[in-house]
Amino acid sequence: MIGYTSLGTNDLRRSAAFYDALLAELGAQRMMEFDDFIVWSGQPAGAAFSVHIPYDGKQATVGNGVMIALSANSRAQVDAVYRKAIELGAADEGKPGQRADNGFYAAYFRDLDGNKLNVHHMV
């Protein structure tokens, strides 16, 4: 159902380095690149993730209540992506762990621009 998600950034080069390393943990790589945005995906026709310099030329800001959730193929991959995010300078918003009795295992962090992300695995 989701084609792609987009987050704003004020420093495309810094954000690109962060997401190149982070999304590689999920098997994704750059699939499209322009002067003002970059797109990553794990499959040519699959869902994609992008970062953009805001079109209106104003400062990128964090959306209150907005979060992007990244799907992992195992608990170990959740742990690895979370560790990589923190290693790359992300801020902790919730260490990896079981979140519900239904098998939802997740971790939360904020990227270098303050955007909130989740990486999760459902058993």
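A few comments on the model shown:
- For region 40-59, taking the residues that are modelled with pLDDT under 95 and among the hydrophobic types (A, V, I, L, M, F, W, C), the one that is least open to solvent (accessible area, probe 1.4 Å) is identified as A47.
- Note on region 14-53: residues that are of a type in the set (S, T, N, Q), part of a loop (DSSP other than H, G, I, E, B) and in contact with a Leu (Cβ under 7 Å, 6 or more places away or on another chain) amount to 0.
- Members of region 64-74 found to be without any contact (Cβ under 8 Å) to a residue 40 or more places away in the chain and under 12 Å from L7 (Cα atoms), listed by number: none
- Total residues in region 87-123, condition within 16 Å of V62 (Cβ to Cβ), of a type outside the set (D, E) and open to solvent by less than 30 Å² (accessible area, probe 1.4 Å): 6
- Any hit, region 103-116, residues being of a type in the set (A, V, I, L, M, F, W, C), under 11 Å from the mean Cα position of the chain (by Cα) and in a strand (DSSP E or B): yes
- Positions within region 1-39 being under 20 Å from S71 (Cβ atoms), open to solvent by 70 Å² or more (accessible area, probe 1.4 Å) and either touching an Asp or Glu at 6+ places or on another chain (Cβ under 7 Å) or not hydrophobic (A, V, I, L, M, F, W, C) (or both), in sequence order: Y4, Q29, R30
The values are calculated or read from the model by the stated rules, or taken from the named source; none is laboratory data. Note that the coordinates shown come from a computational prediction; the quantities given were computed from them, not determined experimentally. Because the Cβ atoms are built from the backbone with ideal geometry, glycine has one as well, and the counts that use them run over all protein chains shown. All accessible areas refer to the heavy atoms of the entire protein, side chains included, with ligands and DNA or RNA removed. Shrake-Rupley method; radii C 1.70, N 1.55, O 1.52, S 1.80 Å.
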